[in-house]
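Here is the structure we will look at.
The values are calculated or read from the model by the stated rules, or taken from the named source; none is laboratory data. Note that the structure is a prediction, hence the values are computed from the model and not measured. Cβ placement follows ideal geometry from the backbone for every residue including glycine, while neighbour counts extend to all protein chains displayed.
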Amino acid sequence: MSNNEIVQKLWNLCDVLRDDGINYSDYVTELVLLLFIKMEYENAEAGILNEHKLPAGCRWPSLRDQSGLNLLNHYRQMLLDLGKDADPLIAAIYADAQTRLREPRHLEQLIKSLDAIDWFSAQKDGLGDLYEGLLEKNASETKSGAGQYFTPRPLIDSIIRCIKPQAGEVIQDPAAGTAGFLIAADTYIKSETDDLYDLDEKAQRFQRNNAFVGMELVPGTRRLSLMNCLLHGMEGDDEGVVHLGNTLGLPGTQLPKADLILANPPFGTAKGGGGPTRDDFTYKTSNKQLAFLQHIYRSLKPGGRAAIVLPDNVLFEAGVGTEIRRDLMHKCNLHTILRLPTGIFYAQGVKTNVLFFTRGSATDPRQEENCTENVWVYDLRTNMPSFGKRTPFGPQHLKSFERVYGENADGTSPRTEGEWSFGAEQIDVAESDENQGFWATFRSAAGAASPVTGSAIPRVTPSISVGSRTTTASMLPTCLSLTC
């Protein structure tokens, strides 16, 4: 039985939850409270999980051996006890956990169904991957409202292959969600180090406990991320890999400087007084993505790398948006922008991009000014199909981008013509409003009074090279120089 088949079986159990009056948005939270107990048992029995085991009386056999009202009462007490467990990570996972199940027969049905799944087949790919597949299934169901914190796995994996996380690096996600970026980085490092066996004991311990750190504002989402990390062998510190808190508030100042930051900040503008409260930000804004962008480039170590998913409005917004983009291009080498197709996120119609940058310039990681000289833009949006359930977005759509991105994780590989990219000296910018706005924002951020002449701010002015998958020359602004 494949993981996809098992995920579908798990998702079908939500019918049982619906019969007990549980809301669609609570399906996965209710299911994983029980599922994690089962997965912990299977991992412990297989010798995969040696630490952070559940205490006696709170393990899977104690549920399986009871029935009726005794079972439901025992399960409720179990959740309370786990929330007060001596192991801080287990206590964090089950903090304030409670079941909304009211019928003992429904709980019995769930337990029997979970016992009937072919867990031996699931173990081959790892229970963590199975758990993550369930989260992805939940995110794809628009009624669940979960897509807001889920980044499509093909995109995450492509970013990871480009930016190449390394053992020994501190890797941060300040908007962790269900920890997809952190787990993908850990998986990549394990694939490069023979599942960490190439590292000495001290380095292995660093990878398990100190290499990854994230922050998540929503307690329920953080619960999912902690389970996800633990099932993938990522333990973190006493608070786990993902800490509970607001990155744009005081807790965000406690996150360590990082060698690599990966993030997909939440969409939207803070309202009702819930905006960023950090007093260390130079530029005050209620736009959460712009605030996260400030946090990210300020939190990188010299030479540190970042890849961040941002909507178009962050590239276009005037005023403080221009100031933040200018500061970014001053302090960092913004070397690559990937324009993503519409429909790959579960918030319909959102136009997004991935910004790749490194702290410092291409030649000096400690440089603090004029760090961006060239911005290379890859257009994966123009003439692409509308993605969705019928036309899923997959790894094949990103292969050409990865090929021309090159081998260097810091974006310094020579960018040449490829199957979907073009390297002509100069091609006129299309006259569409979107393209004009897109390039105008970089003229503004660079401080250029005009694309040809002017003297707004004396600095190195970035040029923009565009690799695109379209074959229409009028749509390919391949090399647009911004001269101050």
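Between Phe345, Phe357, the distinction of being of a type in the set (Phe, Trp, Tyr), in a loop (DSSP other than H, G, I, E, B) and touching a Gly at 6+ places or on another chain (Cβ under 9 Å) belongs to Phe345 only. Out of the residues in region 280-328 meeting the condition of being among the small types (Gly, Ala, Ser) and farther than 13 Å from Asn264 by Cα, tell me which one is surrounded by the most Cβ atoms within 10 Å (Cβ to Cβ). Across region 280-328, the extreme among qualifying residues is Gly304. In summary, Gly343 fulfils each of the numbered conditions (1) in contact (Cβ under 8 Å) with a residue 40 or more places away in the chain; (2) on the phi < 0 side of the Ramachandran plot with the single exception of condition (2).
Could you tell me whether any residue of region 213-226 is at pLDDT below 95, surrounded by fewer than 17 Cβ atoms within 10 Å (Cβ to Cβ), in the same structural domain as Phe281 (by TED's automatic domain parsing) and not in a helix (DSSP H, G or I)? Yes, because at least one residue in region 213-226 is at pLDDT below 95, surrounded by fewer than 17 Cβ atoms within 10 Å (Cβ to Cβ), in the same structural domain as Phe281 (by TED's automatic domain parsing) and not in a helix (DSSP H, G or I).
The numbered conditions (1) modelled with pLDDT of 90 or more; (2) within 22 Å of the chain's Cα centre (by Cα); (3) of a type outside the set (D, E, K, R) are all true for Gly388 except (1). All of (1) surrounded by 17 or more Cβ atoms within 10 Å (Cβ to Cβ); (2) touching a helix residue (DSSP H, G or I) at 6+ places or on another chain (Cβ under 6 Å); (3) at pLDDT 85 or above hold for Gly68 with one exception: (1). Just so you know, in region 175-205 the residues that are buried (at least 17 other Cβ atoms within 10 Å of the Cβ) and aromatic (Phe, Trp, Tyr) include one that is farthest from Ala291 (Cα to Cα), and it is Tyr188. Scan region 275-327 residue by residue and report those that are hydrophobic (A, V, I, L, M, F, W, C) and under 20 Å from Ile171 (Cβ atoms). Of everything in region 275-327, those that are hydrophobic (A, V, I, L, M, F, W, C) and under 20 Å from Ile171 (Cβ atoms) turn out to be Phe292, Leu293, Ile296, Leu300, Ala306, Ala307, Ile308, Val309, Leu310.
Every condition in (1) under 14 Å from Pro302 (Cα atoms); (2) at pLDDT 95 or above holds for Glu368 except the one numbered (2).
Note on region 391-407: among residues that are in contact with a helix residue (DSSP H, G or I) (Cβ under 9 Å, 6 or more places away or on another chain) and in a loop (DSSP other than H, G, I, E, B), the one that is modelled with the lowest pLDDT is Pro392. Filtering region 55-63 for residues that are surrounded by 16 or more Cβ atoms within 10 Å (Cβ to Cβ), assigned to a helix (DSSP H, G or I) and either in the same structural domain as Arg208 (by TED's automatic domain parsing) or not small (Gly, Ala, Ser) (or both) leaves a non-empty set. Regarding Asn287, is this residue modelled with pLDDT under 95 and under 16 Å from the mean Cα position of the chain (by Cα)? Answer is no for this residue. Count of region 213-252 residues, restricted to those that are of a type in the set (A, V, I, L, M, F, W, C) and more than 17 Å from Tyr131 (Cβ to Cβ), is 7.
Could you list, in sequence order, all residues of region 185-196 that are hydrophobic (A, V, I, L, M, F, W, C), part of a helix (DSSP H, G or I) and free of Cβ contacts under 8 Å to residues at least 60 places away in the same chain? Within region 185-196, just Ile189 meets the criteria. You will find that of Ala91, Ala95, the residue that is in a helix (DSSP H, G or I), under 21 Å from Arg222 (Cα atoms) and not assigned by TED's automatic domain parsing to the domain that holds Cys229 is Ala91 and no other.
Checked against (1) under 27 Å from the mean Cα position of the chain (by Cα); (2) within 20 Å of Leu80 (Cβ to Cβ); (3) buried (at least 19 other Cβ atoms within 10 Å of the Cβ), Met39 meets all criteria but (2). Among the criteria (1) closer than 21 Å to Leu135 by Cα; (2) in contact with a strand residue (DSSP E or B) (Cβ under 9 Å, 6 or more places away or on another chain), the one Pro88 does not fulfil is (1). Selection of region 360-403 for residues being of a type outside the set (Gly, Ala, Ser) and touching a Phe, Trp or Tyr at 6+ places or on another chain (Cβ under 7 Å) yields Val375, Tyr378, Leu380, Phe387, Phe393, Phe401.
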